[in-house]
Amino acid sequence: MANDNREYDVIVWGASGFTGRLVAEYLARHFGTDGPLRWAMAGRSQSKLEAVREQIGAGEAPILIADSNDMDSLRELARNSRVIATTVGPYARYGSQLVSACVSESTDYVDLAGEVPWIRQMIDTHENGARESGARIVHCCGFDSIPSDLGVLFLQNEARERHGTPCDEIKLRVKAMKGGASGGTAASLMLVVLAAREDRQIARILKTPYSLNPEGEREGLDRADQQGPAWDKDIDAWTGPFVMAAINSKVVRRSNALLDSFSIVSPPIQSLVCFPGFVPFVLLLSFLPVYLLLLVQFQFFLEFFLVALLLP
């Protein structure tokens, strides 16, 4: 990609938001503003960006102004950077034109999206254009779904090196986690829920294991993720559905398809949450409404529960 002469290496779009500020703060701490990495903060409000820049100690980091609804401003942003890192969600509401701008300007793009229907729409709309322009459009570059995606890749690479063959099965078990969610995460969740209620095709996309695979490779032997309690003899524990599996397992399958001859995982990855016993799991299901409210406070997604309710 011939974009080495662009003014910036990375532009953080949405740097005044909750997550964007964290990204900008990380870049400021590790690379400064006059180091080898040329980066800038971008958003809609000059004053908010200046305030964040001062609060995180980002010195004279450049500030750029654009608008999610103004394609000309987004294309100007894209043509000035090698990579756009966006934290502005819900992506279904604010992200589509930025993806289009990056494809048009041959600019690499990364986001934190976990909105399966929107990601599928971007794949269907821009796959061919991105291949032609050389733009690399990479969704789900946060907790959704780096641990699952790269974890599987690393394990399979290691298995091939040690044993000459990939693993037959890979399990991801979540025992404990902590963290908060931004307003954008909660808003993204609600958009997915509302869209699936109105459109059963969207609900099917959420449920189909291969829905993010390239066109022509969206069928296979994999079934939907585990939908009830089950004993895992490998770890001697009860397991239940991990709500983030709704996006993570689809991303792993897409990577497997894109890598073509390199088989990442067969049969499918399992992504589950562990419980200290069967009784806690039953109690959890008994208080499902409360559980769902708690999930909104963390960076989880309710897609599993949604499709279970909407589809037989």
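Some notes on this structure:
- Percent antiparallel among DSSP beta bridges (both partners in segment 8-138, rounded to 5): 0 percent
- The fraction of Cα-Cα pairs per 5 angstrom bin, counted from 0 for segment 8-138, comes to 2, 12, 22, 24, 19, 12, 6, 2, 0 percent, rounded to whole percents.
- Residue 125/residue 146 FRET efficiency (R0 22 Å; Cβ-Cβ; nearest 0.05): 0.35
- Sorting 242, 143, 18 by the number of Cβ atoms found within 10 Å of their own Cβ, with the fewest placed first, yields 18, 143, 242.
- Here residue 50 and residue 93 are evaluated by their C-beta separation; at R0 = 35 Å the FRET efficiency comes out at 0.85.
- Once the Cα-Cα distance is subtracted from the 0.36 nm per residue extended length, the residue 259 to residue 69 segment shows a gain of 65.0 nm.
- Estimated dipole of segment 8-138 in Debye, rounded to 20 [Cβ of Lys and Arg +1, of Asp and Glu -1, Cα centre]: 180 debye
- Of the residues 94, 109, the one with the fewest other Cβ atoms within 10 Å heads the list, and the complete ranking is 94, 109.
- Judged by the mean number of other Cβ atoms found within 10 Å, the most tightly packed of the peptides 117-126, 24-33 leads the ranking 117-126, 24-33.
- Each residue, residue 178 and residue 29, gets one label point 7 Å from its Cα in the Cβ direction; the gap between the two is 1.6 nm.
- Computed from backbone phi, the HN-Hα couplings of segment 141-152 come to 9, x, 4, 8, 9, 4, x, 6, 5, 6, x, 5 Hz, rounded to whole numbers (Karplus: 6.51 cos²θ - 1.76 cosθ + 1.60, θ = phi - 60°; Gly and Pro given as x).
- Residue exposure proxy: 171, 207, 48, ordered by other Cβ atoms within 10 angstrom of their Cβ from fewest to most, comes out as 171, 48, 207.
The numbers here are math on the coordinates, done by the rules we state, and not lab data. Here the structure is a predicted model, which is why all the values come from computation and not from measurement. When we count neighbours, we look across all protein chains shown, and the Cβ atoms used for this are built from the backbone with ideal geometry, even at glycine.
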